[in-house]
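Working notes, beginning with the structure itself.
The values are calculated or read from the model by the stated rules, or taken from the named source; none is laboratory data. Computed from a prediction, not measured in an experiment: that's the story for all the values here. For neighbour counting, all protein chains shown are included, and Cβ atoms are generated from backbone atoms with ideal geometry for every residue, glycine included.
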């Protein structure tokens, strides 16, 4: 008589957990799975939350703001211009890279359409997901594989870092990817031979400058880091520095020439620093963005922009801000200190429910404290790359202390902030409390 087939007595839950364990052992150090899962989660969030449906009651200005307006102008055949509500002519208010991306998407999928919004947010999500790769590589090189794995998956899964790529049509996610990639390249320059890494270094910095000029605050530190550590390794760098510089200026040069030909004076990448300085400094300044001075919010300011032209308008705004600073330098210093705390602790949020705003800012502040603490520990223990983290975190935010800050302005260095925070948590010794003794001490 044939015996009945044997069935497994193992619990399906146990079998499932074993399958997941085997998958995790293979996938935990795989940058492919980090990127794939991160990208999938971000795209799912866009689709489920309908974040591609921007409001239209502001004439679509919330769809990319100034960059969206410039993208519309490009797609409409009017060229790189018109950053505000109406036609105002050529502009250098924003750097060129991301507005041209918007313009290209608008040309193919429709101006301010849901399809264009979905494509642009998906592109941003891809940039954000790709950032897992340099995050993992940086953390592994500086702090070991355990921190590398934890940092990579933290970036892939943390809801906070997904916000900007799934809701904002802006250059923020690309900036974070560029900074992390440049950081990794600077760390590894001492190990690499030939001219190729120098071409990559200059090329990445050229792209970063065209994407967001404020990123250039980290350029001197990253270049000096690479040069010093190559010198210690007895490797020549002078020729590579020349090549890197040539590549960098070859990329940004055409845009600077365009600005000169358009406005009749030399403008380095963008024109609006004076206006930004004024929106953070003046008689009613409180350390936050005085949005009511912006040409899109202030009819008088917009007419001044029209009458004076962009370059003269920005120069006049800069004159007003500098005059305020000179008249009361003590107050300016106080405002800078306030902006420092807002940058790292969270900007006051008057438009949200108070409890929610406090929760968001408390989480923001907590991550900053973990970052500073982890950075101090890394420097103390002389971890590889610790001082490069220090220079990035010191230099990049400086301009925002002088102008004004926003939660978005921290995102380009969020990968590095997360790495040192994860490193700190990895160093905590979790020791269970000893059970109380059964017999009291005599």
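Things worth noting here:
- Taken over the stretch 110-139, the residue count meeting the criterion of being within 21 Å of residue 58 (Cα to Cα) and in contact with a helix residue (DSSP H, G or I) (Cβ under 6 Å, 6 or more places away or on another chain) is 6.
- Identity of the residue in the stretch 197-234, out of contact with any helix residue (DSSP H, G or I) (no Cβ under 7 Å at 6 or more places or on another chain) and farther than 22 Å from residue 394 by Cα, that ends up surrounded by the fewest Cβ atoms within 10 Å (Cβ to Cβ): 234
- Residues of the stretch 294-340 that are without any contact (Cβ under 8 Å) to a residue 24 or more places away in the chain, under 29 Å from the mean Cα position of the chain (by Cα) and surrounded by 14 or more Cβ atoms within 10 Å (Cβ to Cβ): 294, 298.
- Any hit, the stretch 59-70, residues being at pLDDT 95 or above and more than 20 Å from residue 296 (Cα to Cα): no
- Wholly within the stretch 21-119, helices (runs of 4 or more DSSP H) carrying at least 1 residues that are in contact with a strand residue (DSSP E or B) (Cβ under 9 Å, 6 or more places away or on another chain) and in contact (Cβ under 8 Å) with a residue 24 or more places away in the chain: 65-75
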